[in-house]
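These notes are about the structure you will find just below.
The values are calculated or read from the model by the stated rules, or taken from the named source; none is laboratory data. Note that the coordinates shown come from a computational prediction; the quantities given were computed from them, not determined experimentally. When we count neighbours, we look across all protein chains shown, and the Cβ atoms used for this are built from the backbone with ideal geometry, even at glycine. Surface areas here come from the heavy atoms of the whole protein model, side chains and all, with no ligands, DNA or RNA. Shrake-Rupley method; radii C 1.70, N 1.55, O 1.52, S 1.80 Å.
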Amino acid sequence: MGYTLDFSVVWHAMPTLLWGCVGTLALALAGMTLAMMIGVAGVAARDAKAAWLRAFVIGFVEIVRNTPFLVQIFFLFFALPLIGLKLNPTATAIIALGVNGGAYAIEIIRGGVQSIHKGQVEAGYALGLHKGQVFRFIVLKPALRAIYPSLTGQFIMLTLTSSICSAVSAYELTSVAQRIESDTFRSFEVYFSVTFLYLGISWLLMLGFAAISHRFFSYPTR
Amino acid sequence: MQDQILIEMKGVQKWYGGYQALRNVDLTVRKGEKIVVCGPSGSGKSTLIRCINRLEAIQQGSIVVNGHRLDDSIKAIDVVRQDVGMVFQSFNLFPHMTVLQNCTLAPIRARRVSKTEAEAIARKYLERVRIGDQAEKYPAQLSGGQQQRVAIARALCMQPKVMLFDEPTSALDPEMVKEVLDTMIGLANDGMTMICVTHEMGFARQVADRVIFMAEGQIIEEGAPDAFFRNPKHARTRQFLGEILAHH
């Protein structure tokens, strides 16, 4: 008795799976936004006058980058309620993705900032701008442009990592797929299809990243 | 008013670690004076002018700019930088901004000038450096000479009392040196106080009130260009002039 493929199950469940895709995209975009904020703030703080702030950022990056995401999300999910912060699975997932992606974003963006010629910063100071203004108006955009491919690559990773958020049953594609699978026992068909749905999501994001790059980072350089 | 002192450096000493870059430098610059600083590389001439707007901190001595004593306070540094414009060897235009945005950023953010007013000022100075028609372009779309003229306009937009030039023509292709020097001569003729680190001795002859020669972090000799070039007093100066004038 061989296994007979039956994709009709997947076909019937397609609307549910597509909603799962929407869930994944929403989770990923919210996570990226948070990661971006943490990344930029972290890079600025890493260069702050206050030594404790610099140490905090370094420690944060070390811990997050050297521990598994699954453990991090469980930690947030089970530890936060102990200090009275009860969050739903989706909020927990967004925070976990944002914190995790943020730590990587700090390291990537920092590389971009270091690639900026120091004459740019000096020109800003000579014009009477303050340190924060120099970072915000002069350094940040060229720095982001320099590392844009690495950063967007990391954000694709973040999107794929969101599948782990099924562990706390956040609403996203993998958890939706798990439910369909346990209802139908069509494991291969479901995960085969989900693979391509993830591929589609990644391609969609890449199109978006390219459009953003075209809009913001297309100024000419020599 | 012609005698008003704009910059006064007294006993300035600066070290980079164990290396002494400036040794007991005294320099007084009056309003409207044009000063050319020359000397071999590593003589401290760039360091000298970079101390005036506090891109470099000094360890000993005092610097007073337009009556404001430069110390470590952000307030003092702010006040001094408002009065001092700077043009760099490598232009340092902001690549992600148009020429116009390069010129309006600091007036808007540091001087709190309105955007409309900042743009009007910027267009005026871009006209003055004869580059008004390039305002919407990005720096990378301009030649080196044009970029340096934009950098001059950008500094002028802050309406400084003194302009510092740090080897403004050294990074330029030879055919573009003249357009930048002409712009600087125009500025000098309008009465701008200028300190210029340069090896362009023709420029020094034409506009400088005083030429300063530095070596090993010290001011070795200074004088009016005529006397300075015709009979330099120090052997070190003669040697330097011999070297740079030989290939001119």
**Prompt:** Can you name the number of the only condition in (1) open to solvent by 30 Å² or more (accessible area, probe 1.4 Å); (2) on the phi < 0 side of the Ramachandran plot; (3) out of contact with any Phe, Trp or Tyr (no Cβ under 7 Å at 6 or more places or on another chain) that B:Leu48 fails?
**Reply:** (1)
**Request:** State which residue is surrounded by the fewest Cβ atoms within 10 Å (Cβ to Cβ) when the search covers only the range A:85-121 and only residues that are among the basic types (Lys, Arg) and at pLDDT 95 or above.
**Result:** A:Lys118
**Request:** Would you mention how many residues in the range A:135-146 are within 7 Å of another protein chain (Cβ to nearest Cβ) and either open to solvent by less than 10 Å² (accessible area, probe 1.4 Å) or touching a helix residue (DSSP H, G or I) at 6+ places or on another chain (Cβ under 7 Å) (or both)?
**Result:** 2
**Request:** Look at A:Ser213 and say whether it is modelled with pLDDT of 95 or more and within 14 Å of chain B (Cβ to nearest Cβ).
**Result:** yes
**Request:** Can you give me the number of residues within the range B:147-176 that are in a loop (DSSP other than H, G, I, E, B) and either in contact with a strand residue (DSSP E or B) (Cβ under 8 Å, 6 or more places away or on another chain) or surrounded by fewer than 22 Cβ atoms within 10 Å (Cβ to Cβ) (or both)?
**Result:** 10
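Here's the yes/no breakdown for (1) buried (at least 16 other Cβ atoms within 10 Å of the Cβ); (2) under 25 Å from A:Lys131 (Cβ atoms); (3) among the hydroxyl-bearing types (Ser, Thr, Tyr):
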residue: B:Gly32; (1), (2), (3): yes, no, no
residue: B:Ile52; (1), (2), (3): yes, yes, no
residue: B:Leu55; (1), (2), (3): yes, yes, no
residue: B:Asp71; (1), (2), (3): no, yes, no
**Asked** Among all residue pairs at least 6 apart or on different chains, which show Cβ distances below 9 Å where the first residue, located in the range A:120-134, is more than 7 Å from chain B (Cβ to nearest Cβ) and the second is in a helix (DSSP H, G or I) and of a type in the set (Asp, Glu)?
**Response** A:His130/B:Asp78
**Prompt:** Which residue out of B:Glu216, B:Glu179, B:Glu243 is closer than 17 Å to B:Val129 by Cα, out of contact with any Phe, Trp or Tyr (no Cβ under 8 Å at 6 or more places or on another chain), of a type in the set (Asp, Glu) and open to solvent by 20 Å² or more (accessible area, probe 1.4 Å)?
**Reply:** B:Glu179
**Prompt:** Name the pairs whose Cβ atoms lie under 6 Å apart, with the first residue in the range B:188-205 and over 29 Å from B:Glu243 (Cβ atoms), the second part of a strand (DSSP E or B), and 6 or more positions between them or separate chains?
**Reply:** B:Met192/B:Met163; B:Thr193/B:Leu6; B:Thr193/B:Val162
**Asked** Restricting the range B:78-100 to residues that are outside any loop (DSSP other than H, G, I, E, B) and open to solvent by 20 Å² or more (accessible area, probe 1.4 Å), which is farthest from the other protein chains (Cβ to nearest Cβ)?
**Response** B:Val79
